[in-house]
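**Q** Quick one: this structure, given as structure tokens, is what I'll be asking you about.
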Amino acid sequence: MRSPEVMRRLELTIDYPSIIARDLARGDSDMGLVPVAIIPRLKEYHINGQFCIGSEGEVASVCLFSEVPLEQVQTVLLDYQSRTSVALLKVLLRFHWKRTPAFINTHEDYRARIKGTTAGLVIGDRALEQRPLSPYIYDLGAAWKAFTGLPFVFAAWISNRPMDEGFIRLFDEACGVGVTGLEEVLLENPYPVYDLRTYYTRNISYQLTPSKRAGLTLFLQYINELDVR
């Protein structure tokens with residue numbers, strides 16, 4: 001495998017998706033696995049490689065949680081970690097569910113505030129932890145598929161300038177190594193909250209297929225219409 005060669009040609013930074021997107025928009029980094037909602041804010045963008053973080057339906061880790069049915073929700077707490085998830089929720093509420101709740105931005109763990117008619121958009125590990133606690137769960141990946149018939153791309157490898165084709169080929173090979181090494185990851189990371197084999201092999205879909213690109217294009221059209229960039 002050529003992944004060691006790739007590592008010699010890059011400096012890896014790990015952070016929240018929203019922070020990585022901010023650095024890409026500022027020009028502080030050249031490429032990142034970023035929420036796709038950042039795309040309209042970039043002066044120039046290029047979607048690189050054959051891999052992404054997407055879903056073909058239920059994603060499990062990006063959900064609206066509530067104590068009451070959606071039609072009774074009056075306020076929604078917005079997760080601070082992912083611009084794409086927030087934009088997707090606003091698109092679904094407006095065009096799919098036809099609901100207009102008030103939105104509250106958050107800056108810390110707000111799950112204790114999900115009570116009564118106040119719902120919360122939660123992503124990542126915190127969403128998996130929230131699943132046993134909330135009686136109403138609206139999975140945004142499943143909702144998008146029901147709304148459009150298309151899969152969804154939450155994040156892709158996006159650069160703010162053209163990348164060397166040879167580097168991208170090596171980078172794709174390295175990404176492929178990671179995808180094929182899921183069993184090793186599962187063995188090394190026990191997680192009693194949720195079945196990670198289901199999560200990594202069924203909830204998350206990694207190939208940036210033509211149907212995912214079509215879903216991404218449609219999503220960008222919706223967020224442009226709502227101006228939720």
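**Q** If I ask for residues that are part of a helix (DSSP H, G or I) and open to solvent by 10 Å² or more (accessible area, probe 1.4 Å), which ones from segment 13-35 would you list?
**A** Pro17, Ser18, Ile19, Ile20, Arg22, Asp23, Ala25, Arg26
**Q** Being assigned to a loop (DSSP other than H, G, I, E, B), surrounded by fewer than 21 Cβ atoms within 10 Å (Cβ to Cβ) and among the hydroxyl-bearing types (Ser, Thr, Tyr), is that true of even one residue in segment 36-55?
**A** Yes, segment 36-55 contains at least one residue that is assigned to a loop (DSSP other than H, G, I, E, B), surrounded by fewer than 21 Cβ atoms within 10 Å (Cβ to Cβ) and among the hydroxyl-bearing types (Ser, Thr, Tyr).
**Q** How many residues are within 16 Å of the chain's Cα centre (by Cα) and open to solvent by 100 Å² or more (accessible area, probe 1.4 Å) if we restrict to segment 184-212?
**A** 1
**Q** Here's a follow-up. Among the residues of segment 214-229 satisfying the criterion of being part of a helix (DSSP H, G or I) and free of Cβ contacts under 8 Å to residues at least 40 places away in the same chain, which is farthest from Leu150 (Cα to Cα)?
**A** From segment 214-229, those part of a helix (DSSP H, G or I) are 214-226; that's our starting set.
Imposing the further condition that a residue be free of Cβ contacts under 8 Å to residues at least 40 places away in the same chain reduces the set to 217, 221, 225.
Working: Thr217: 11, Gln221: 14, Glu225: 19 Å.
The qualifying residue farthest from Leu150 (Cα to Cα) is Glu225.
**Q** Tell me, which helices (runs of 4 or more DSSP H) wholly within segment 61-176 include 2 or more residues that are touching a residue at least 60 places away in the same chain (Cβ under 8 Å), more than 20 Å from Val193 (Cα to Cα) and open to solvent by 20 Å² or more (accessible area, probe 1.4 Å)? Break it down into steps so the answer makes sense when it comes.
**A** Working: elements: 83-91, 124-130, 140-148.
Qualifying helices (runs of 4 or more DSSP H): 83-91, 140-148.
**Q** Kindly evaluate Glu56 against the criterion of being within 23 Å of Pro210 (Cα to Cα) and of a type in the set (Asp, Glu).
**A** Numbers: within 23 Å of Pro210 (Cα to Cα): yes; of a type in the set (Asp, Glu): yes.
Judged against the criteria, Glu56 is a match.
The values are calculated or read from the model by the stated rules, or taken from the named source; none is laboratory data. All figures in this text were calculated on a predicted structure; none of them were measured in a lab. Note: ideal-geometry Cβ built from the backbone for every residue, glycine included; neighbour counts use all protein chains shown. These accessible areas exclude ligands, DNA and RNA; they are computed on the full protein's heavy atoms, side chains included. Shrake-Rupley method; radii C 1.70, N 1.55, O 1.52, S 1.80 Å.
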